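Everything on this sheet refers to the single structure shown next.
The values are calculated or read from the model by the stated rules, or taken from the named source; none is laboratory data. Because the structure is a prediction, the values reported are computed rather than measured. All Cβ positions, even for glycine, are placed from backbone atoms using ideal geometry, and neighbour counts span all protein chains on display.
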């Protein structure tokens, strides 16, 4: 009986946490950001035991077990001398960085990967933040649904560009969402 009670309590707590999350889109799939990470707007990789798995070509991998060089997985042995890998035309140390989309390097911080947010042009911690519409936002808050002031529009990643609506009251001028009052429109 105590095991059944513990199972019921664990299930309730799990559902409560997931229930408080907003479902996100990744291509034609829906996902919870606490359970998956979306790459290239169409490829999901799991979060396993609180570790974000990263995309490498058609696979997902743990940076504690593998590295990705030219979209090919290579075994990673901690404590061994590091062999420099290739990320596009750039060499990198897989103990210190992760290669995303065979073109973007992001640091591994305290053993955790960081991911690249296209549009924002920077790496971020998926343990603290999310990236949507080229904007970094704190986890636990809703993802942005429009491009804010001075945000880049369209938002491009290595596979495509996406035209997104500017937030209410803003207009798109020269690939940025701007306040029309700044241009004498008020």
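Here's the yes/no breakdown for (1) in contact with a strand residue (DSSP E or B) (Cβ under 8 Å, 6 or more places away or on another chain); (2) surrounded by 13 or more Cβ atoms within 10 Å (Cβ to Cβ):
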position: 43; (1), (2): yes, yes
position: 64; (1), (2): yes, no
position: 69; (1), (2): yes, yes
position: 75; (1), (2): yes, no
position: 87; (1), (2): yes, yes
position: 98; (1), (2): yes, yes
position: 109; (1), (2): no, no
position: 113; (1), (2): yes, yes
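Could you list, in sequence order, all residues of region 41-67 that are over 15 Å from residue 114 (Cα atoms) and in a loop (DSSP other than H, G, I, E, B)?
Residues satisfying the conditions are 41, 42, 49, 57, 58, 65.
What tally of residues in region 120-137 results from selecting those that are closer than 22 Å to residue 167 by Cα and either surrounded by 17 or more Cβ atoms within 10 Å (Cβ to Cβ) or touching a strand residue (DSSP E or B) at 6+ places or on another chain (Cβ under 6 Å) (or both)? Walk me through it before giving the result.
First pass over region 120-137, keeping only residues closer than 22 Å to residue 167 by Cα: 120-122, 129-137.
Imposing the further condition that a residue be either surrounded by 17 or more Cβ atoms within 10 Å (Cβ to Cβ) or touching a strand residue (DSSP E or B) at 6+ places or on another chain (Cβ under 6 Å) (or both) reduces the set to 120, 129-137.
Qualifying residue count for the region: 10.
Using beta carbons and a limit of 6 Å, which pairs, at least six apart or on different chains, have the first residue in region 104-128 and at positive phi and touching a residue at least 12 places away in the same chain (Cβ under 8 Å) and the second one surrounded by 13 or more Cβ atoms within 10 Å (Cβ to Cβ) and assigned to a strand (DSSP E or B)?
Listed by first residue and then by second, the contacts come to 119/152; 119/155.
Tell me which of these residue 130 doesn't satisfy, since it passes every other one: (1) modelled with pLDDT of 90 or more; (2) within 12 Å of the chain's Cα centre (by Cα).
Looking at each condition in turn, residue 130 falls short on (1).
Only one of these conditions is not met by residue 36: (1) buried (at least 18 other Cβ atoms within 10 Å of the Cβ); (2) under 24 Å from residue 162 (Cβ atoms); (3) in contact (Cβ under 8 Å) with a residue 12 or more places away in the chain. Which number is it?
The one condition residue 36 does not meet is (3).
Does residue 51 satisfy the criteria of being surrounded by 11 or more Cβ atoms within 10 Å (Cβ to Cβ) and at pLDDT below 80? Talk me through it step by step, then tell me what you get.
Numbers: surrounded by 11 or more Cβ atoms within 10 Å (Cβ to Cβ): yes; at pLDDT below 80: no.
Against the criterion (surrounded by 11 or more Cβ atoms within 10 Å (Cβ to Cβ) and at pLDDT below 80), residue 51 does not qualify.
Is it fair to say residue 145 is in contact (Cβ under 8 Å) with a residue 24 or more places away in the chain, part of a loop (DSSP other than H, G, I, E, B) and surrounded by fewer than 18 Cβ atoms within 10 Å (Cβ to Cβ)? Walk me through it before giving the result.
Details: in contact (Cβ under 8 Å) with a residue 24 or more places away in the chain: no; part of a loop (DSSP other than H, G, I, E, B): yes; surrounded by fewer than 18 Cβ atoms within 10 Å (Cβ to Cβ): yes.
Against the criterion (in contact (Cβ under 8 Å) with a residue 24 or more places away in the chain, part of a loop (DSSP other than H, G, I, E, B) and surrounded by fewer than 18 Cβ atoms within 10 Å (Cβ to Cβ)), residue 145 does not qualify.
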